[in-house]
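S.K.: Please find one structure pasted underneath; my questions will follow.
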C-alpha cells in the first residue's frame with residue numbers, strides 16, 4: 001500500500017514536469033508578442049530592455065531552465081502585461097474567489113443531484129422520475145452561456161430579485177452558484193440514477209430483501225453504498241471543473257476569479273500569466289487524481305488488487 | 001374421452017434432415033441489435049428528428065433564396081416573417097439560411113471529432129492492450145500526462161497556437177488530447193476480452209493473433225465503441241460552442257450554432273429569435289444524440305440487456 005502511494009506520487013511528479021514543459025513550449029510558439037498588445041510604437045531600446053527584463057532575449061532553452069528553476073522555488077514569474085504583479089500573487093488572490101462560489105455550487109449541486117438521482121431511481125417511470133430527467137436533460141442540452149443569459153434576464157432584469165452581475169456582496173453569489181450548481185445537478189442525477197438502477201438489480205439486494213430487511217435498510221446499507229462509487233470518480237473531475245469550467249460563468253457575471261484572468265491573459269499574450277495559471281490547474285488536477293486513486297484503494301478493496309498492475 | 005377413428009390420421013413421414021432446416025432467416029448481432037433498437041420508440045423518434053436536422057442542414061441552404069453571407073441593409077433585425085422564416089440578424093443576413101449553414105459546421109465538428117478521437121483512441125488503446133507489459137506501461141504513462149492537462153485548457157491553448165480557426169484546426173485542437181479517454185477505456189475493454197475464456201480457447205486452438213483480433217477483439221468492443229461515439233458527439237458540439245463564445249471558434253462570415261448563439265446572447269432581450277433558433281437546434285441535436293445513445297446502448301451492449 002505504502003509502496004503504491006509512493007509510486008503514484010512519483011509518477012504524478014513526473015507528469016507535472018511533462019505538463020509544464022509542454023505548456024511552456026506551446027506558449028512560446030503562439031504567434032504574436034506581448035508587447036504588441038500594449039503600445040504600438042516603442043523605441044527599439046525600450047523593447048530590448050523589456051525583453052531583457054523578462055528574459056525573452058535569451059535562447060528558448062535557457063528561458064525554460066530559468067522558468068523551471070523558479071518553479072521549484074514557488075516563483076511563477078511576473079505578469080508581462082501588468083509589470084510588478086507576480087503571477088503567484090494573482091493566483092493567490094483570484095483562486096479563492098473561484099473556489100468559494102465554485103465550491104459552494106459543487107457541494108450544493110452534487111448533493112441535490114445525488115438526492116434527485118436517488119428519487120428518480122426509486123420512482124422509475126413515475127412522475128418524480130420524469131421531472132428529474134427533464135431537469136437533467138435541460139442541464140445537459142443548453143450551452144452554459146445561454147443558461148446564464150436566461151438566468152440573468154429572468155432573475156436580474158424581469159423579476160429584479162438579484163443583481164444580474166457583479167461581485168462583492170452575498171446577493172451577487174446566488175445566481176453564479178445556482179447556474180454552476182445546475183450543471184452538476186444534471187450530471188449527478190443521471191449518473192446516480194443509472195448506477196442505482198444497476199445496483200437494485202443485483203442479487204445481493206434481492207437477498208437483503210428476502211432476509212426481511214426494511215426497504216430503508218436495504219437502500220441505505222446495500223444499494224447506496226455501492227451505487228455511489230461512480231460518483232466519486234466524477235467528483236474529482238468536478239473539483240477541477242470548479243476552477244476551469246468557470247471561464248464563461250466568471251466572464252458573464254464579471255466575477256474577478258481565476259478563470260476571468262486566465263482568459264484575459266490569453267487575449268493579452270501574457271506568457272507568464274497563462275503559463276502560471278496552467279501550471280496551477282495542472283497541479284490541482286494531478287493532486288486531485290492522486291488523492292482520488294488513494295481514496296479509491298481505501299474504499300474499494302477490489303481496486304487494491306488490480307491497481308497494482 | 002372421445003375416440004378418433006384411425007382413418008382421420010395420415011402418415012406424413014419423417015425426413016431426418018428436416019430438423020436441421022433453418023425456418024427463419026438467420027439473425028446476426030447487428031440485425032438483432034437493430035431489431036431491439038427499433039423497439040425503443042423514443043430512440044427511433046430521436047433518430048428521425050436527427051435525420052431531419054441533417055437533411056435540412058444539407059438541403060435548406062441550397063434551396064433558400066438567400067445566401068448565408070449576403071448583407072441586406074434594407075432588412076436588418078427583421079423578426080421571423082414570411083420572407084425570413086427565422087428573421088434576420090443585425091447585418092440583414094437571413095437567419096434561416098445561417099442556422100442551417102451553422103448546423104453543417106456544428107454537426108460535422110461533432111461527428112468528425114468523435115470519429116477521429118475514437119479511431120486514434122482505439123488504435124492506441126488496442127496496441128497497448130495487445131502488447132501489454134512495458135509497451136503498455138509506457139503508452140499509458142504518456143496518456144496519463146496528456147490527460148493531466150485540463151481538457152478546456154488544451155483546447156484553448158491549441159486554438160490560440162493554431163491562430164487561424166477553420167474546421168480543421170478546431171478539430172485538431174479538440175481531438176489532440178480528446179482521444180486519451182477513449183484509449184484508456186478501449187484498453188481496459190480489450191484487457192477484459194483478452195482474459196475471457198473464449199480468447200484463451202482460440203489461442204489454445206492455434207488461431208493466429210491477427211484472426212483473434214479481427215474475430216474476437218474488434219466485434220466484441222464494436223458495440224460499446226459505437227455507443228461511446230454517440231455519447232461523445234454532443235461534447236464536441238458543446239466545446240465548439242464554448243470556443244465560439246471565447247471568440248476562438250469559427251470565424252465570420254462562416255458560422256456555427258455555437259457562434260450564432262453566442263453572437264445573439266448579448267442582445268437577446270431585444271431580438272430573442274436570434275438566440276432561440278440556434279439554441280433550439282443545439283438542444284435538439286444534443287437530446288437526439290443522447291437518446292439515440294441510450295437506445296444503442298440497450299441494443300448493443302449485451303450486459304445492459306434486461
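The values are calculated or read from the model by the stated rules, or taken from the named source; none is laboratory data. Being a predicted model, the structure only gives us computed values, none of them experimental. As a convention, Cβ positions derive from the backbone with ideal geometry for all residues, glycine included, and neighbour counts pool all protein chains shown.
S.K.: So which residues in region A:142-165 are exposed (fewer than 14 other Cβ atoms within 10 Å of the Cβ) and more than 12 Å from every other protein chain (Cβ to nearest Cβ), if there are any at all?
M.R.: A:159, A:160, A:161
S.K.: If the Cβ limit is 9 Å and pairs must be 6+ apart or interchain, which residue in region B:237-266 that is free of Cβ contacts under 8 Å to residues at least 12 places away in the same chain pairs with which residue that is surrounded by fewer than 24 Cβ atoms within 10 Å (Cβ to Cβ) and in a loop (DSSP other than H, G, I, E, B)?
M.R.: Going by the 9 Å Cβ cut-off, the qualifying pairs are B:252/B:69.
S.K.: Using the structure shown, decide if residue A:192 is closer than 14 Å to residue A:120 by Cα, touching a helix residue (DSSP H, G or I) at 6+ places or on another chain (Cβ under 6 Å) and part of a helix (DSSP H, G or I).
M.R.: Taking the combined requirement at face value, the residue satisfies it.
S.K.: What's the number of the condition residue B:24 fails, among (1) farther than 27 Å from residue B:270 by Cα; (2) in contact with a helix residue (DSSP H, G or I) (Cβ under 9 Å, 6 or more places away or on another chain)?
M.R.: (2)
S.K.: Let me ask you something else. In region A:71-81, how many are in a loop (DSSP other than H, G, I, E, B) and touching a residue at least 40 places away in the same chain (Cβ under 8 Å)?
M.R.: Result for region A:71-81: 5.
S.K.: Same structure again: Of (1) in contact with a helix residue (DSSP H, G or I) (Cβ under 7 Å, 6 or more places away or on another chain); (2) more than 22 Å from residue B:283 (Cβ to Cβ), residue A:144 satisfies all except one. Which?
M.R.: Result: residue A:144 fails condition (2) only.
S.K.: I'd like to know if region B:45-54 contains one or more residues that are in a helix (DSSP H, G or I), on the phi < 0 side of the Ramachandran plot and modelled with pLDDT under 85. If you could, list the steps in order and put the result at the bottom.
M.R.: So the first thing to find is which residues in region B:45-54 are in a helix (DSSP H, G or I), and the list is B:45-54.
Still in the running and on the phi < 0 side of the Ramachandran plot: B:45-54.
Imposing the further condition that a residue be modelled with pLDDT under 85 reduces the set to none.
Checked against the condition, which is being in a helix (DSSP H, G or I), on the phi < 0 side of the Ramachandran plot and modelled with pLDDT under 85, region B:45-54 yields no hits at all.
S.K.: Every residue in region B:57-70 that is more than 22 Å from residue B:262 (Cα to Cα) and either touching a residue at least 40 places away in the same chain (Cβ under 8 Å) or not in a loop (DSSP other than H, G, I, E, B) (or both), please.
M.R.: Listed by number, the residues that qualify are B:58, B:59, B:60, B:62, B:63.
S.K.: Right, something else. Please specify each residue of region A:105-141 satisfying the condition of being closer than 23 Å to residue A:170 by Cα and surrounded by fewer than 19 Cβ atoms within 10 Å (Cβ to Cβ). Show your work before the answer.
M.R.: Keep residues of region A:105-141 that are closer than 23 Å to residue A:170 by Cα, which gives A:105-112.
Within region A:105-141, A:107, A:108, A:111, A:112 meet the criteria.
S.K.: Could you please find all residues in region B:250-300 being outside any helix (DSSP H, G or I) and within 12 Å of chain A (Cβ to nearest Cβ)?
M.R.: Of everything in region B:250-300, those that are outside any helix (DSSP H, G or I) and within 12 Å of chain A (Cβ to nearest Cβ) turn out to be B:256, B:266, B:267, B:268, B:269, B:270.
S.K.: Tell me whether region B:136-144 contains one or more residues that are touching a residue at least 40 places away in the same chain (Cβ under 8 Å), within 30 Å of residue B:252 (Cα to Cα) and either within 12 Å of chain A (Cβ to nearest Cβ) or not in a loop (DSSP other than H, G, I, E, B) (or both).
M.R.: No, that holds for no residue.
S.K.: With more than 14 Å from every other protein chain (Cβ to nearest Cβ) and in a helix (DSSP H, G or I) as the only criterion, which of B:102, B:168 stands out?
M.R.: On the way: B:102 fails: more than 14 Å from every other protein chain (Cβ to nearest Cβ).
The unique qualifying residue is B:168.
S.K.: Would you say residue A:97 is within 30 Å of residue A:279 (Cα to Cα), in a helix (DSSP H, G or I) and away from chain B (no Cβ under 14 Å)?
M.R.: The answer is yes for residue A:97.
S.K.: Quick one: which of A:168, A:212, A:139, A:183 is part of a loop (DSSP other than H, G, I, E, B), at pLDDT 75 or above and either under 27 Å from residue A:291 (Cβ atoms) or away from chain B (no Cβ under 14 Å) (or both)?
M.R.: A:212
S.K.: Another one. Please go through region B:71-90 and pick out each residue that is touching a residue at least 12 places away in the same chain (Cβ under 8 Å) and over 34 Å from the mean Cα position of the chain (by Cα).
M.R.: The answer is B:71, B:72, B:73, B:74, B:75, B:76, B:77, B:78.
S.K.: Checking the conditions here, which among A:157, A:107 is modelled with pLDDT of 85 or more and farther than 30 Å from residue A:67 by Cβ?
M.R.: Of A:157, A:107, the one residue that is modelled with pLDDT of 85 or more and farther than 30 Å from residue A:67 by Cβ is A:107.
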